[in-house]
Each structure stands twice: as C-alpha cells, then as structure tokens.
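Have a look at the structure below, then the notes.
None of the figures in this text is laboratory data; all of them are computed from the coordinates on show. Just so we're clear, the structure is a prediction, and the values are computed from it rather than from any experiment. Cβ coordinates were reconstructed from backbone atoms using ideal geometry, including for glycine residues, and neighbour counts include every protein chain displayed.
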C-alpha cells in the first residue's frame, strides 16, 4: 500500500470509529466506485507485497517481484572492467541539499575557479563564492525563503487587486481578455481554498480524536498497546469506552504510531497551505531583495545551497549520486558530481528562479539537469522557455518528473515542459512518471501523472531509499524520486561513454525501456488501462540494456 492510500485509509478509520463511538461529528463520507472500461484488471493475480527492499530500484529489470533498473547488474556484468571516461556534473535544481551528508559530501561539485569565502566573484560568472552551486531563493544577508505561495495564489493576488468587484461591463475592451482570465483564476483559487478547508476539518477531527484516545488511555505510543488492553469493562466511563473503541479500530486495521505521525504531518501541511501557500497576503520575496519583475537581473541570492529545509533535495541528490561501495546507508546510481541549485521553496517555485538556475547549470558545466518539481501555472513561461532553449542548444539533458496529481498531462497544464509557447520543443528533455515496486495492476504509482504524448518513460518512484539531512536515510515516494533515477542512468551512460551527445543518450534510454504488456490501474482510479498507454515508450527505464546499446553506439 503506498503512502497516500494508507494515510487516507487511516483517516477513514478514525472518522468511522468516531461515529461508532458516538462522538460528535458532522462529517459525511462519500464513496465512489469506478467500473473498468475496455481493459480489466486481473484481480486474481494481484498480490500486495508487504514492503520494498531498500535497493529495489537498482535490481534487474523483470526480476521477481520488482521492475528495477538493472543498475547493479550493469555494474557487475558490463562495467566491471571499465573505467569511467569523465566525471559528469548533474545539476540538482531543488529545495537545497545537505552537502555535508556523509554519503554525499565527496560527490558534491566544487567550483575550482572560485576561492571560498573571499567575497569575490573569482571566476567572473556573476555569482560571488558559488563554490557548490547557488541559492536563488536566499537574501544577500544569508537569509532564506522557506515558505512561499502557490503560483495560483500569486496570480489571484495580482489580478484581484486590479479586478475584484468589477463587472464585465466596467472593464475596457483592451483589458477584457485579462479580466476573463481573472475570473478563471478566481474560480480555481476559491475551489482550492474550499478543498483545503474541508481537508483541514476532516483531518483535524481525526487528529483530535486520536489525541483524545491517547490522552484518555494515557498512551504515548500506540505500538505499545495490545487489543487485550482495550477490552471494555463494567467500570469504564463513557469517555474511556469511546477512547478504547477508537484505539481498537486503529489497531485492528494495522495502524501504527508512524501512521499517526504522518497524519499529524499532513494536518500541519494543510495548516501551512492555509497560512502560506494559499494566503494572498503572504509574500516572502522581499527576503531575496531582487526586483522580481526585472528579468534582466540574474545575479541575486546567496551561496548557501543547504537552506533551512533540504529534505527533498537531499533525497533527490542521493538517488542520483550517493557514494557507492562505502558501506553506508544509500547507494547512488552513478559516481558523479552534484551541482546544487536551491530554487524550490515550500510552495511553488518561481519562473524567474527556475530559468536562472537552468542557465547557471548550463553555463557552469552540467551535462544533466534534474528538475523534481512542477506546478499548474507558469505566468513567465517565456523566460523559462528561453533558458530551456539555451540548455538544449549546448547539449544539456534535462529531466523532470511528470507530477503527483494522478492526471493526464496530455490534457492538463503542468510545468516545466519541453514545449515552447512560441512553437517547437526542446530535443534534450525527458519527462518521467513513477512506477511502483509492486507488480501487475499496482505497477504504476497511484499518484503519478501520465500521458501518451507528454510522458516519455516510467522509472521507480515508490519507496525509494536515499539520503536525508543530518546523515539520515529514508524511503520517499513521488515522481520527484523517479526523475533522478533517470537522471542517474543518463549520467552513468555519459560517464562511461562521454563521446555520446545528450540527444544520443536520450535516444538510447528511450529505445531500451523494459516494455510492459499488461493492464494496470490508471493512476487515481480503479479503472484498468494498458501500461503502454501511459507514456510514449510504454516502458520502464532499463539501465542494463541502455549501457549495452551505448557500447554499440560508441563503436559506430
């Protein structure tokens, strides 16, 4: 069971136990069913494994029970007698990375042309003391943007200041198109706020019910409780009976203290959305100190690439390039150099920062750029397009996750993208969906976006084990994890076959996927769909076969 489905199962159990225990609740639970269409899922062969192995994403393709990448098999059989031709630089455009992590530090890119700490732009690239990369969401005084709003919120704030309360008749003809766009944005924003408020209410009730049960039973950790302790006795008060019923429902359905912690984290996330992400009055950009509307100014921020919350970026970086064969926690895919570009806050990344990070990477030697982020609106897309066009022209391979909305991105706006607003597209660009360690109908991650035209390939993205700040390690799920798997394989090919271009490496990756000829659940539904319809290749990345083909192409 993936992280999200287990979380919402727990939420349902708590709400159900509240109603059964007789506590006050105004919630209504809607149950929806989805009938299979032309394709039917084979439920007889569906077996849900208990957990994934820590290195499942590195196991051979088509191995039982995983569709791994074959990375370890490639090292053992194809690369054992070879030495890499060059150290490839992979840019990690993300939330920041713990560059002092025991399993990353030796693989962090160092700008040899910059003298650390002398407050001088020694290499003349416009960035002072950019030793390990750059922080585009930091201030000149060393401060950081941590929380930020969603792009939808920023658009709503900007347009509502201009059009709120106005009728269509009162808008000039030259502003009519923008006014109609404002109405669309206002509707989408209000819908998102209402959804968040509903979720806050439901999750808040669940969290309060669990707290009530734990406090009443004097329990700090539900893992220490047995169902025998929860037998209702004659002398129990009504509160005690209710607490025991709630706790019994949790334990009988496999809930753990870890699940409860995740529910609490989700509640705090929803609170953060209300206070920051969806708050039109919140604007932390003053911290950066740039004129956000001045796109000519690329040189702002600071050189602290770790930042206040580097969980996401540290995990992503480790998937690509955690140190191999050092007997520590994680195993990276390739022995490469990690260029860290802090660009993504807790909220939506801004187009200006994304574009400047892409340009920085391309200008300072990166051959691969990983972008494990995305959003549904991109008001300055033209600026991002220009940066992608530049990186494409100098032979940088850009890789991004497809997103975690269970949506078809052939018909839903999702950025960044290879397609330019003024026509054409970037050649050296891959978009990645997330596959699971479970086989058959559960092969595709339930959260993954998909698209026959706009998603190129799938890669392991559920329960991927990697580095975490402060020398810790953790499993995480998302297309954010699938994207660096592909970035790592691309960098691995480039390391051993540096003469191959980004276009050639992309072609090799796409030509050698593990084809999957089976029906799976369409993400977010119980509807069956052929796996081949979810991406242009209809396959999962296969590092072993890709390296075999790279050897052949290098000899031509």
For residue 551 and residue 526, what is the calculated FRET efficiency with R₀ set at 60 Å and r taken between the beta-carbons, to the nearest 0.05?
0.90
Distance-filtered residues of the stretch 283-311 - backbone nitrogen under 19 Å, label point 7 angstrom along residue 359 Cα→Cβ:
288-303
Would you calculate the separation in nanometres between label points at residue 228 and residue 291, each defined as 7 Å from the Cα along the Cα-to-beta-carbon direction?
7.5
Modelled label-to-label distance, residue 118 and residue 283, 7 Å Cα→beta-carbon offset: nm?
4.0
Under the helix-only model (-39500 (n - 2.57) for each DSSP H run of 4 or more, divided by the residues of the chain), the mean residue ellipticity at 222 nm, to 500 deg cm²/dmol, is -11000 deg cm²/dmol
Please work out the FRET efficiency for the pair residue 453 and residue 271, using the Cβ-Cβ distance as r and a Förster radius of 22 Å; give the result to the nearest 0.05.
0.05
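Rank the residues 214, 162, 147 as a footprinting-exposure proxy: fewest other Cβ atoms within 10 Å of their Cβ go first.
Lowest count first: 162, 147, 214.
Before anything else, pin down the relative contact order of the chain: Cα pairs under 8 Å, at least 6 apart, normalised by residue count, whole percent.
23
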Nearest 5 is fine: what % of DSSP beta bridges in the stretch 295-439 come out antiparallel, could you say?
20
Just rank 352, 474, fewest to most, by other beta-carbon atoms within 10 angstrom.
474, 352
Point-to-point label distance, residue 411-residue 80, nm (Cα→Cβ direction, 7 Å offset):
5.1
Least to most buried among 121, 291, by other C-beta atoms within 10 Å and fewest first, runs 291, 121
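What full-extension length gain, to one decimal in nm, is calculated for residue 188 and residue 419 as 0.36 nm per residue of separation minus the Cα-Cα distance?
Length gained, residue 188 through residue 419: 80.8 nm.
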State the antiparallel share, in %, of DSSP beta bridges confined to the chain, rounding to the nearest 5.
35
Residue 110 label point, 7 Å along Cα→Cβ, cut-off 14 Å on backbone N: hits in the stretch 294-337?
337
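Quick check: from the Cα gyration tensor, does the stretch 340-476 come out rounded (a/c under 1.5), prolate or oblate?
Verdict is oblate for the stretch 340-476.
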Can you give the extra length, in nm with one decimal, that the chain gains between residue 201 and residue 173 once fully stretched, where that is 0.36 nm per residue apart less the Cα-Cα distance?
5.8 nm
Please report the spacing between the Cα centers of the stretch 135-154 and the stretch 469-518 in Å, no decimals.
29
